Amino acid sequence: VRRLEVKASTGAGFYPVHIGAGALDKLPLFVAGKVLAVVDSRVPTLPELGEVPAVRLQAGEEAKTLAGLERVLDAFGSAELDRDSTVLAVGGGTVGDLAGFAASIWHRGIAVVQVPTTLLAMVDSAIGGKTGINSSRAKNAIGTFWPPRAVLADTRYLATLPADEEANGWAEIVKYAVTFDPSLSEAVDLEEVIERCVRIKGEIVAADERETAREGGRVLLNYGHTVGHALEAVTGFRISHGRAVAWGMRVAAAISAQLGEASPGLMERQDALLSVRGLPGPRPEVDLDAVLAATRRDKKVRGGRQTWVLLRDLGRPLTTREVPDEQVSAALAEILHG
Ligand SMILES: NC(=O)c1ccc[n+]([C@@H]2O[C@H](COP(=O)([O-])OP(=O)(O)OC[C@H]3O[C@@H](n4cnc5c(N)ncnc54)[C@H](O)[C@@H]3O)[C@@H](O)[C@H]2O)c1
């Protein structure tokens with residue numbers, strides 16, 4: 001088991017992240033007072049959690065709602081959690097976001113230990129302190145910054161993860177590789193891969209927790225996500241997040257090339273990294289105008305202008321607000337209809 005200290009927060013200092021088969025052994029170090037685990041009902045119970053009181057729920061975006069929040073807060077009430085209690089969030093990103101949010105508002109904030117059980121949650125959502133639920137209109141519209149007391153990424157959980165969910169995690173890992181650390185793609189040991197992703201995200205978040213940097217910063221983590229989110233929206237979420245982001249990464253690379261920013265062969269090199277993980281998968285059948293319109297509703301639009309994350313080369317991202325719609329349309333056509 002690897003142990004690292006991550007300063008994935010500007011205010012709260014460092015928190016430990018344990019990664020590997022058996023990371024849950026460390027749980028006693030991080031619980032105090034009454035404990036309640038909020039657990040994804042699909043996740044098998046590992047022995048270390050056998051005795052811990054738990055509320056089990058069905059994961060997914062439907063859980064990340066005000067109604068889902070109410071159920072979790074009711075469970076906190078029944079368990080009589082007080083200010084000194086500890087919540088364990090055991091599940092993928094949806095359970096982590098929901099339970100983390102509930103912990104952040106219970107008695108104005110009680111401790112949460114994140115126990116991510118999907119690859120995506122281990123490399124991404126459990127790190128960085130963003131918590132939240134969806135509003136009736138928008139994903140993640142209601143939330144807080146609430147860094148965990150610790151993150152225990154026990155890779156034994158991954159044994160039961162469905163292949164599509166694994167691909168979602170790999171899409172984010174390839175994203176880290178092409179934006180920040182190309183050599184990450186050569187790492188063979190999964191624990192090492194997770195550790196390196198956690199370090200990258202930690203550094204970025206520590207420098208720009210609230211995504212206020214004008215250049216670079218946390219927004220760089222959104223590489224591929226502008227078109228990715230648009231594809232999820234126009235397909236009614238029939239495409240998985242990871243595949244949508246992978247297509248979005250290809251569109252971003254095409255825009256980078258059309259603007260003359262990309263080094264030669266960048267698309268091919270990115271494609272090689274994606275294809276090792278079976279990404280992006282089948283081309284989604286979509287109306288390009290609808291995709292373009294959906295990118296304009298992205299939450300990174302400020303003052304009517306979209307912030308695009310593009311690439312100069314592997315490991316050299318840039319942000320720009322100067323991408324004309326015609327360029328986006330051309331790149332969408334090249335990648336999605338080409
Ligand atoms: N807070 C952040 O910084 C942040 C970052 C990225 C994503 N997110 C959020 O994370 C969510 C996506 O996370 P996710 O992909 O983990 O989704 P998820 O929580 O819905 O989990 C995906 C699926 O895998 C199942 N599952 C989880 N662990 C399993 C296991 N060990 N074995 C078998 N099945 C298992 C779940 O029941 C679910 O069906 C989104 O809501 C997104 O908004 C948050």
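The values are calculated or read from the model by the stated rules, or taken from the named source; none is laboratory data. These numbers were taken from a predicted model, which means no experiment stands behind them. For neighbour counting, all protein chains shown are included, and Cβ atoms are generated from backbone atoms with ideal geometry for every residue, glycine included. These area figures cover heavy atoms from the full protein model, side chains too; ligands, DNA and RNA do not enter into them. Shrake-Rupley method; radii C 1.70, N 1.55, O 1.52, S 1.80 Å.
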- Given that compact globular proteins tend to follow 2.2 N^0.38 Å, what is the ratio of the alpha-carbon Rg of the chain to that value? 0.98
- Query: For the range 103-162, treating each Cα as an identical point scatterer without solvent, what Debye log10 I(q)/I(0) comes out at q = 0.17 1/Å?
  - Reply: -0.65
- Item | Isotropically averaged projected area of the range 243-303, using the convex hull of Cα atoms (one quarter of hull area), nm² | 5.2 nm²
- Query: So which chymotrypsin sites (Phe, Trp or Tyr not before Pro) in the range 153-254 are both in a DSSP loop and have at most 12 other Cβ atoms within 10 Å of their Cβ?
  - Reply: Phe237
- Note on the structure: Restricted to the chain, the DSSP antiparallel beta bridge percent, nearest 5, is 45 percent
- Taking the Cα centre of the chain as the origin, how large is its charge dipole in debye, to the nearest 20, when only Lys and Arg (+1) and Asp and Glu (-1) carry charge on their Cβ atoms? 700 debye
- Task: Using +1 at the Cβ of each Lys and Arg and -1 at the Cβ of each Asp and Glu in the range 1-151, identify which of Ser78, Gly143, Ala32 lies farthest towards the dipole's positive end.
- Result: Gly143
- Message: For the range 201-338, compute Rg over Rh where Rg is the Cα radius of gyration and Rh is the Kirkwood radius from the inverse mean 1/r over Cα pairs.
- Response: 0.94
- Translational diffusion of the range 193-271, µm² s⁻¹ [Kirkwood Rh, Cα pairs; Stokes-Einstein; 25 °C; 0.890 mPa s]: 175 µm²/s
- Query: Which log10 I(q)/I(0) values, to two decimals, does the range 273-338 give at q = 0.14, 0.15, 0.21, 0.24 Å⁻¹ under the Debye formula with one point per Cα?
  - Reply: -0.54, -0.61, -1.10, -1.21
- Listed residue (Ala187, Ile105, Val198) projecting farthest to the positive dipole end of the range 58-210, Cβ model: Ile105
- Using only the Cα atoms, work out Rg/Rh for the range 10-63, with Rh taken as the Kirkwood radius, to two decimals. 1.01
- So the compactness index of the range 45-140, its C-alpha Rg divided by 2.2 N^0.38 Å, takes the value 1.01
- Item | Selection of trypsin sites (Lys or Arg not before Pro), the range 117-225, meeting DSSP coil and at most 12 other Cβ within 10 Å | Arg137, Arg210, Arg214
- Task: Of the listed pairs Lys64/Lys130; Lys34/Lys130; Lys26/Lys64; Lys26/Lys201; Lys64/Lys139, which have alpha-carbon separations greater than 18 Å here?
- Result: Lys34/Lys130; Lys26/Lys64; Lys26/Lys201
- Task: Mind checking the full-extension length gain between Ala333 and Ile142? Use 0.36 nm per residue of separation minus the Cα-Cα distance, one decimal, nm.
- Result: 65.3 nm
- Message: If the only charges are +1 at each Lys and Arg Cβ and -1 at each Asp and Glu Cβ, what is the size of the charge dipole of the range 1-90 around the Cα centre, to the nearest 20 debye?
- Response: 320 debye
- Principal-axis tilt of helix 66-78 within the chain, Cα atoms, nearest 10 degrees: 20 degrees
- Query: Can you give the percent of C-alpha pairs in the range 95-234 whose distance is more than 28 Å?
  - Reply: 16 percent
- Task: Counting only heavy atoms of the protein chains, get the accessible area per residue of the chain (1.4 Å probe) and round it to a whole Å² value.
- Result: 43 Å²
